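Right, one structure below, let's go through it.
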Amino acid sequence: MQISDAGLKAIMVFEGSKNRAYRDSAGLWTIGVGHLIRRDEPHLLTARLTDQEVLDLLRADVKTAEAAVNRLVRVPLTQGQFDALVSFTFNLGAGALAGSTLLKRVNAGRLDDVPAELRKWVRAGGKVVRGLVNRREAEAAMWLGRYPVAPS
């Protein structure tokens, strides 16, 4: 499976989007939707990306999360369920998904448990973060087929 356009747009809302390079909270050069600028991409330090270029870069970056979800999940998913798990994995990494009770519930077919499992992942540095609460609520809605961002 691949993430839908609505799923991509939701990730853009969660992550934020910048058309110019900036330093992230760790001081790393970043552009677009959380794309870390690699050494072989120095041109991105001075670039002004179009909205389409930002979306194209996100499509390339999200492939890692898509691959992890496709590899780790052993049950059929709806598009909304897949999008929710890709968003979660894009945010937290494949390792977080792989070792989670969330994944165990999915693979056991306990799909009704998933929204509650998503809502557990709201802490950073031991503290509840409002932005993560909002994101997990939106992912739970996506899981149920209700997207926080209307597809266009």
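The values are calculated or read from the model by the stated rules, or taken from the named source; none is laboratory data. Predicted model only: the values in this text are computed from it and were never measured. Counting neighbours? That spans all protein chains shown, and the Cβs are built from the backbone with ideal geometry, glycine included.
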Among the candidates E41, E137, E66, E117, residue that is closer than 19 Å to Q2 by Cβ and either charged (D, E, K, R) or exposed (fewer than 12 other Cβ atoms within 10 Å of the Cβ) (or both)
E66
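Answer yes or no as to whether G32 is closer than 23 Å to R130 by Cα and modelled with pLDDT under 95.
In short, no.
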Among the residues of the stretch 24-38, what is the count of those that are in a strand (DSSP E or B) and surrounded by fewer than 18 Cβ atoms within 10 Å (Cβ to Cβ)?
2
What's the total number of residues in the stretch 40-67 that are of a type in the set (D, E, K, R) and more than 22 Å from A138 (Cβ to Cβ)?
5
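Yes/no matrix, rows are residues, columns are (1) in contact with a helix residue (DSSP H, G or I) (Cβ under 6 Å, 6 or more places away or on another chain); (2) closer than 21 Å to A10 by Cα; (3) surrounded by 11 or more Cβ atoms within 10 Å (Cβ to Cβ):
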site: A47; (1), (2), (3): no, no, yes
site: N70; (1), (2), (3): no, yes, yes
site: G93; (1), (2), (3): no, yes, yes
site: A124; (1), (2), (3): no, yes, no
Please enumerate the residues belonging to the stretch 37-57 that are in contact with a strand residue (DSSP E or B) (Cβ under 6 Å, 6 or more places away or on another chain) and not charged (D, E, K, R).
I37, L44, L45, L49, V54, L57
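Among the candidates A21, A10, single out the residue that is over 13 Å from the mean Cα position of the chain (by Cα), outside any loop (DSSP other than H, G, I, E, B) and either modelled with pLDDT of 95 or more or at negative phi (or both). It would help to see each step written out before you state the result.
Numbers: A10 fails: over 13 Å from the mean Cα position of the chain (by Cα).
After applying the criteria, what remains is A21.
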Matching residues, the stretch 15-39, being within 25 Å of R136 (Cβ to Cβ) and among the polar types (S, T, N, Q):
S17, S25, T30
